[in-house]
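S.K.: What follows is a single structure, and I will ask about it in a moment.
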Amino acid sequence: MLRGKKIVLVCHCILNSNSKVEGLATFSGALKDVVSDLIDGGIGIIQLPCPELTMLGIKRWGQTKEQYDNPFYRKHCQELFKPFKNQIQNYIANGYNIVAILGINGSPSCGVDKTCSGVWGGELSGNPNIDTMLEEASLTEGSGIFIEEIKNLLELDGIVIPVVGLDEDNIEESLKIVKRLLI
């Protein structure tokens, strides 16, 4: 049986934008061009779970990294990733190449190079400062919580896998990144 023995792990919303906070999806289903390039390149795809969805559900509010940065959410992210780490170890032990983990820049959980940052808290309805708070939330350098926990768990076992951030607002640049993975 023919096997390419190349695998990529993708953050959940790359294959299912329906998991995103209402109003934040920039595509209708899967990030088609990226996924198509991976499939055409003979790379197997493992979809990671969405930690925000599994923690708070589909009707959750948008939050920033600072809101998710707490021991409970970090533990949730660790527990979600542990079975995938076991799969990764098994694949590597059997001669497979885990090409990369693909995240989505801007996400407070799955951002790799950029994450959504802002100091929000408490009840927002009726807050006269809501517009200022929304304006102050911004993209900042750094990884989201889930990506940080993934990196930490892999590092504990000496597993080195490139973690790459895709930019939904610049799909052409993201496609260049994916094409480099195919080499």
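No value in this document is a laboratory result; all are computed from the given coordinates. This is a predicted model, so every value here is computed, not measured. Virtual Cβ from ideal backbone geometry, glycine too; neighbours counted across all protein chains shown.
S.K.: Name all residues of the range 74-91 having a backbone nitrogen under 17 Å from the label point set 7 Å from the Cα of Q47 along its Cα→Cβ direction, giving them as ranges.
M.R.: 81, 84
S.K.: Also, quick follow-up: Calculate the FRET efficiency for A93 and L175 from the Cβ-Cβ distance with a Förster distance of 30 Å, rounded to the nearest 0.05.
M.R.: 0.40
S.K.: Right, here's the next one. Please compute the length gained on full extension between R3 and F72, using 0.36 nm multiplied by the number of residues separating them and subtracting their Cα-Cα distance.
M.R.: 20.9 nm
S.K.: Under 8 Å for C-alpha pairs, at least 6 residues apart: give me the relative contact order for the chain, rounded to a whole percent.
M.R.: 25 percent
S.K.: Can you order the peptides 143-151, 163-171 by their average number of other Cβ atoms within 10 Å per residue, highest first?
M.R.: Ranked from most to least packed, the peptides come out as 143-151, 163-171.
S.K.: Measure nothing fancy, just the Cα-based angle from helix 171-181's long axis to the longest principal axis of the chain, in degrees from 0 to 90, nearest 10.
M.R.: The angle comes out at about 30 degrees.
S.K.: Is the C-alpha gyration tensor of the range 1-93 telling us rounded, prolate or oblate? Criteria: a/c under 1.5 is rounded; beyond that, a/b larger than b/c is prolate, otherwise oblate.
M.R.: oblate
S.K.: Here is the link list: K59/K85; K59/K114; K5/K82; K75/K176; K6/K85; K5/K75. Which ones come out longer than 27 Å on Cα distance?
M.R.: Exceeds cut-off: K59/K85; K75/K176; K5/K75.
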